[in-house]
Amino acid sequence: MLLVSVGAKAQFDAVFTNSWALQSFYNPAAAGLDGLLDVQAAYSMQMAGFENAPATMYVGADLPVFFLSPSHGMGAGFLNDNAGLFSTKKIYVQYAYHQKLWGGRLSVGVRPALLTEGFDGSKLDVNEDNDPVFASSEVNGNAFDLDAGVRYSYKQVWYAGLSAAHCLGARITMGDDKTYKVEVDPNFFVTGGYKLKFRQPQYALMADAIMRTDLQAWKADLTARLAYEGEKLKMYAGLLYSPTRSVGGLLGFNFHGVNIGYSYEMFTTGIGALHGTHELVLGYQTDLNLFKKGKNKHKSVRLL
């Protein structure tokens, strides 16, 4: 046994089942892409019913920088992820540049961030007290982080993207004497989606996919939503599927730019269907382009 070295790794990045609604979170190249102020929030409760189960909260916003050019986008966000005795916080700003290409738009983005990791050793139950391997109090540390991405979208019909998180391979040391260390390996995300319109223009079928990998393990999520897009009210309902892992359902509506959505993901193996993931997403979109020509243009009824 002394001659055998065993390594163990766990997922570090937060996983949202509504990844299709959080485009700029997974890829900084999506910042300001729609030409709107886009405010997003999400709260995910994983492994419901278990003590100290993972819980993740995210708030972010992005918008086009019209005083420079609609080709520029920027944003900022905050993530708080708690799992067991560990807590991860991420504060970031991001920038994206959009260029028309082949009838669509090619986007590239970069996201510098401050990554903070914490561990509450005061709640740890060990056989021996004062074991130097485990912290006996709350310890924290932080490091500079960097994400980047590229994305191509074609006329709101389909899109594809590739992004990388933790490009610098952050190493976070915790404690006053820097005894404890967390190593964060780069993670890669491949995204894509397609919108199929029916003969009645207010109905559409939307399919989205995301694959996450650290080049050692991978996880893929597929979602399909049937959407109704009225002039004021928009609604959707759909299914999600993660191969060999889980299935679930999602639904939501959008009224005057305010989007509210809910999803439940139940595991097909392991802990079973009753201890799945509850997730709530909130969003708001509005046009802030004060420089748009004809924005406040009116015609007299006498000249119609």
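Every number in this text was worked out from the coordinates using simple rules, so none of it is lab data. Quick caveat: nothing in here was measured; it's all calculated off a predicted structure. Cβ coordinates were reconstructed from backbone atoms using ideal geometry, including for glycine residues, and neighbour counts include every protein chain displayed.
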Under 20 Å from a label point 7 Å along Cα→Cβ of GLU231: give me every residue in the range 265-290 with its amide N that close.
-> 286-287
The summed charge of the LEU250 Cβ neighbourhood (under 13 Å; Lys/Arg +1, Asp/Glu -1) stands at -3
Give the longest segment of the chain that steers clear of GluC sites (Glu not before Pro) in DSSP loops with at most 15 neighbouring Cβ atoms within 10 Å, not counting the sites themselves.
-> 129-230
The range 176-191 versus the range 28-96: alpha-carbon centroid distance in Å = 19 Å
Among TYR26, TYR159, TYR180, residue whose mean-square fluctuation peaks in a GNM of the chain (springs only between Cα atoms under 10 Å) = TYR180
In terms of the alpha carbon gyration tensor, root eigenvalues a ≥ b ≥ c, rounded if a/c is under 1.5 and otherwise prolate when a/b exceeds b/c or oblate, the chain is prolate
Fewest to most Cβ atoms within 10 Å: ARG199, ARG171, ARG212 sort as ARG199, ARG171, ARG212
Under a Cβ-Cβ cut-off of 12 Å, what is the net charge of the residues other than ARG105 that fall near it, where Lys and Arg count +1 and Asp and Glu count -1?
-> +2
Contour minus Cα-Cα span, TYR154 to GLU183, at 0.36 nm per residue, comes to 6.7 nm
Just how large is the dipole of the chain about the Cα centre, in debye to the nearest 20, putting +1 at every Lys and Arg Cβ and -1 at every Asp and Glu Cβ?
-> 2460 debye
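Between the DSSP loop rule and a limit of at most 14 other Cβ atoms within 10 Å, which chymotrypsin sites (Phe, Trp or Tyr not before Pro) in the range 70-122 are left?
Loop-located and lightly packed - TRP102.
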Can you work out ³J(HN,Hα) from phi for every residue in the range 104-119, in order, using Karplus 6.51 cos²θ - 1.76 cosθ + 1.60 and θ = phi - 60°, giving whole Hz and x for Gly and Pro?
-> x, 9, 9, 10, 10, x, 9, 9, x, 8, 10, 10, 10, 10, x, 9
Listing ARG225, ARG105, ARG151 from the residue with the fewest other Cβ atoms within 10 Å to the one with the most, what is the order?
-> ARG105, ARG225, ARG151
Cβ-based charge dipole, the chain, positive-most Cα from LEU115, THR268, PRO243 = PRO243
Cross-link pairs beyond the 22 Å C-alpha cut-off, checked among LYS123/LYS178; LYS89/LYS123; LYS89/LYS195; LYS100/LYS155 = LYS89/LYS195
Taking HIS278, HIS166 and counting other beta carbon atoms within 10 angstrom, the fewest-first order is HIS278, HIS166
